[in-house]
1. Going by the structure shown, is VAL192 modelled with pLDDT of 90 or more, crowded, with 24+ Cβ neighbours inside 10 Å and in contact with a Leu (Cβ under 9 Å, 6 or more places away or on another chain)?
2. What pairs can you find where one residue is in the range 167-180 and acidic (Asp, Glu), the other is surrounded by fewer than 22 Cβ atoms within 10 Å (Cβ to Cβ) and not in a loop (DSSP other than H, G, I, E, B), and their Cβ atoms are less than 7 Å apart, with a gap of 6+ or different chains?
3. Looking at the range 18-33, can you tell me whether even one residue there is of a type in the set (A, V, I, L, M), on the phi < 0 side of the Ramachandran plot and in contact with a strand residue (DSSP E or B) (Cβ under 8 Å, 6 or more places away or on another chain)?
4. Kindly provide the set of residues from the range 37-95 that are among the hydrophobic types (A, V, I, L, M, F, W, C), within 14 Å of VAL106 (Cα to Cα) and either modelled with pLDDT of 90 or more or in contact with a strand residue (DSSP E or B) (Cβ under 7 Å, 6 or more places away or on another chain) (or both), ordered by number.
5. Of the conditions (1) in a helix (DSSP H, G or I); (2) under 30 Å from PRO197 (Cα atoms); (3) small (Gly, Ala, Ser), ALA22 clears all except one; give me its number.
6. Could you check, for the range 111-125, whether at least one of its residues is at pLDDT below 85 and in the same structural domain as VAL214 (by TED's automatic domain parsing)?
Amino acid sequence: MRVKVHHEGINILIVTLIALLAINLPLWLWGKHPVVATVCTVVSAVLYLSVVNFFRSPRRAFKGDPKNAVVSSADGKVVALEETYEGEYLHGKAVQISVFMTVFNVHANWFPVDGEVIYTKHHSGRFQAAWLPKSSTDNERSTVVIRTPEGQLVVVRQIAGAIARRIVTYAHPGIEASIEDHMGFIKFGSRVDIFVPVGSEILVKLGDHTTGGVTQVAKLKPTEK
């Protein structure tokens with residue numbers, strides 16, 4: 001599994017590096033306290049490596065059969081798994097699978113299914129803790145709807161949290177969605193909800209940890225022909 005830095009983090013990493021150099025260089029060039037300079041450099045290095053770690057972007061490939069497969073869009077922990085009402089696009093019941101990301105997880109988001117993107121919409125909102133149930137409808141969020149090759153609809157929603165302040169969504173209506181492609185990125189946060197049709201086989205349980213683009217979370221019920 002190869003890892004690179006996600007392009008969403010390049011500017012932040014450059015600015016952070018310049019700022020840390022501006023702080024540390026004067027301490028070494030003109031400072032009179034080597035211990036202070038050493039401590040500051042070590043702290044700066046740890047901070048910078050943490051930011052690099054946050055923006056890592058591993059290359060991944062789903063190993064299973066993509067037909068009717070629903071794959072986790074994010075790294076993290078399953079915090080919600082229930083039948084609920086999806087009122088933005090489906091206007092009906094669906095099974096909601098929610099994965100919460102900490103600052104230590106990869107924050108790139110993958111398409112959960114193969115198919116065609118037929119709807120996208122960004123919503124302004126609050127920045128309350130992403131594990132709260134109301135964050136799915138109250139927080140800053142972006143919704144993407146994908147129609148699978150078999151004609152089933154899957155809704156995926158990127159949700160900002162208490163720390164997250166920017167959601168990036170690459171999807172737009174008309175493009176082809178692939179399990180192996182990035183759907184977007186959430187900077188410094190926080191949760192992704194996937195809504196699948198009632199009757200789908202759910203392959204995870206509460207508390208499970210998922211790997212985006214790799215862990216299959218559900219299998220869609222085959223459509224009757």
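The values are calculated or read from the model by the stated rules, or taken from the named source; none is laboratory data. Keep in mind it's a predicted model, so treat the numbers as computed, not measured. Quick reminder, even Gly has a Cβ in these numbers, built from the backbone with ideal geometry, and neighbours come from all protein chains shown.
1. Criteria not met by VAL192.
2. Going by the 7 Å Cβ cut-off, the qualifying pairs are GLU176/GLU116.
3. no
4. Matches in the range 37-95: VAL52, PHE55, ALA74.
5. It fails just one condition, (2).
6. Scanning the range 111-125 turns up at least one residue that is at pLDDT below 85 and in the same structural domain as VAL214 (by TED's automatic domain parsing).
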